[in-house]
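Below is one structure, written out as structure tokens; the observations come after it.
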Amino acid sequence: MSHVFYRRMGHSHPRAAWGEGALVWDDAGRRYVDACGGAVVVNVGHGVEAVARAMAGQAAAAAYVHPTVFTTEVLETYSARLAPYVPLDDPCFYYVTSGSEGVEAAVKFARQWQVARGEVGREVVIARWGSYHGATLGALALTGKPKMRRWFHGLFRDQPHVPPPYCYRCSFGAAYPACDLACAQALETEIRRHGAERVAAFIAEPVGGATLGAVVPPAGYWARVREICDRYGVLLVADEVMTGFGRTGRWFGVEHFDVRPDVMVLGKGATGGYFPLAILAVRGTDAEAIRQVHGDFNHGGTFSHHAVGAAAANATLDCLEEGDLVRVAAERGALLGQRLRAALEDVACVGDVRGLGMMWGVEFVACRETKAVFPPERHVGQAVCDAAFERGVILYPGSGSVEGVAGDHLMVAPPFVITEAQIDEVVGVLREVVVQV
Ligand SMILES: Cc1ncc(COP(=O)(O)O)c(C=O)c1O
């Protein structure tokens, strides 16, 4: 019997042994195409020796020093290299070890910044339904995924949620553009309902992630949200944990919408899975405002600003730059999208195929016309992913896009280095298993 337990408690986990590019092998020698990079994490590919070597070198030199005492050369170098890519003025970075922790650090930063400018009543953070911001209790209060919140409501202070920009199932029963972006407008209503003097921030994923499955907002959505946040002095936090570092075919997801947030949270692709690292990114002037008023940012963590994490991120950035992998993600991702659409066009239970770059979602329906969902107890998304896994293709299942309980989808989000032949293999297997299930 194993002395490890996992989230999927009844699942028998094969033992992963090694990986290369978009491929993973288990210890029985079975080959899998990793078509979702785990939880949409692996961007530069599995088995990149340069990243492993950089981490080993740093671990041998100075693996761990306490972040209240030292900085490290590798962390400073990486931060200076990252700064020009991040769409914030003169940005600076606070390093943590998971996206959830990054989101919570962002909330604390927003709150402290509001207090520093004298807005001491601003404690509310508005999020969206259909979102994912993490599983720790503070992040869960923002995550708009009822299934994950179940049983824990009493343990966190809930935050308000507004409807997501999910045109396939518009919460207002409207159609774009006649809707006049009612979903963005709902943010203004929610701010006014609480009183702007109580609202610190609004947090959202630039392209909807795991909870809805690569939902791309309509044109004008982000510009409207930006206007509303400006009007009411609310900080706009872009949760780029999934969309960052090229996943959508641009360095950061917000770039598709010509909008500059105030605060960003980065994770996953920063190290492509080689180290658990996430990053709170803020404007230098905002960090300085807190320093001047409060002296310190009132947050901490034993493993924050980890030197081995910085070495992994630095080497991952080398790979992204040297391989021009963000452009690759855009081009090969467009091909992936075309192939998915073509292969699933005539499959009656596929209601929608959507996405950007190397981040695609496939939503299942019992009836295309009515968009009726399958009974949740049939776990259709999971069943499709299980069948694909049997055929050696790993996909990322999701459910709950309809009122948090019903609705099935999956994500296809492979490492950027996936080959065209592997894309064809993934799409071919996906079509076959969807028909079979
Ligand atoms: C957009 C977004 N934010 C936050 C998180 C939480 O990150 P982590 O699982 O590293 O805590 C995730 C994870 O999937 C995510 O996709």
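Here is the tail figure for the chain: Cα pairs spaced more than 31 Å apart come to 39 percent of all pairs.
Computed from backbone phi, the HN-Hα couplings of the stretch 162-177 come to 10, x, x, x, 10, 4, 4, 9, 4, 5, 9, x, 9, 10, 6, x Hz, rounded to whole numbers (Karplus: 6.51 cos²θ - 1.76 cosθ + 1.60, θ = phi - 60°; Gly and Pro given as x).
Considering helices alone, the calculated mean residue ellipticity of the chain at 222 nm is -11000 deg cm²/dmol, with DSSP H runs of length four and up weighted by -39500 (n - 2.57) and normalised per residue.
Rounded to whole numbers, the Karplus 3J(HN,Hα) couplings from phi for the stretch 350-367 are 9, x, 7, 10, 9, x, 8, x, 9, 9, 10, x, 10, 9, 9, 9, 6, 8 Hz, using 6.51 cos²θ - 1.76 cosθ + 1.60 with θ = phi - 60°, and x at Gly and Pro.
Size descriptors for the stretch 232-308: radius of gyration and Dmax over Cα atoms are 14.2, 40 Å.
Extension gain, Cys367-His379: 0.36 nm per intervening residue step, less the Cα-Cα distance, totals 2.7 nm. This model, with +1 at the C-beta of Lys and Arg and -1 at the C-beta of Asp and Glu, gives the chain a dipole about its Cα centre of some 980 debye. Between Asp346 and Ala62, the FRET efficiency from the beta-carbon distance, with R0 = 60 Å, is close to 0.55. For the stretch 265-362, the set of GluC sites (Glu not before Pro) satisfying both a DSSP loop assignment and a count of at most 14 other C-beta atoms within 10 Å is given as Glu345.
Computed from label points 7 Å out along Cα-Cβ, the spacing between Val69 and His13 is 3.3 nm. Residues whose amide H falls under 5 Å from that of Ser171, counting only those 5 or more places apart or on a different chain, are Tyr166, with hydrogens built in the peptide plane. Were the residues from His194 through Tyr6 laid out at 0.36 nm apart, the gain over their Cα-Cα distance would be 63.7 nm. Residues whose amide H comes within less than 5 Å of that of His409, counting only those at least five positions distant or on another chain, are Phe364, Gly381, Gly398, Ser399 (H built at 1.01 Å from N in the peptide plane). The length gained by stretching the chain between Ala50 and Thr302 to full extension, at 0.36 nm per residue less their Cα-Cα distance, is 88.0 nm.
Would you mind pulling out the separation of the Cα centroids of the stretch 1-33 and the stretch 377-409, in Å? One Cα centre to the other: 19 Å. Once the Cβ-Cβ distance between Ala421 and Asp27 is put in as r, and R0 is 25 Å, what FRET efficiency do you end up with, to the nearest 0.05? In this case the efficiency is close to 0.50.
Partner lysines whose Cα lies under 22 Å from the Cα of Lys268, excluding those fewer than 8 positions away in the same chain, are identified as Lys108, Lys145. Calculated FRET efficiency, Thr136 to Val405, Cβ-Cβ distance, R0 = 22 Å: about 0.45 to the nearest 0.05. In whole angstrom, how far apart do the alpha carbon centroids of the stretch 200-233 and the stretch 126-146 sit? The two parts, judged by their Cα centres, are 14 Å apart. Amide H contacts of Phe252 (H built 1.01 Å from N, in plane; Pro and chain starts excluded): Gly246 sit under 5 Å, all sequence-distant by 5 or more or on other chains.
Sorted from longest to shortest, the spans of the Cα atoms of the stretch 155-202 along the three principal axes equal 34, 25, 14 Å.
Where a number appears in this text, it was derived from the coordinates with a stated rule and is not lab data. Since this is a predicted model, take the numbers as computed values, not measurements. Neighbour counts are summed over all protein chains in view; Cβ atoms, including those assigned to glycine, are modelled from backbone coordinates with ideal geometry.
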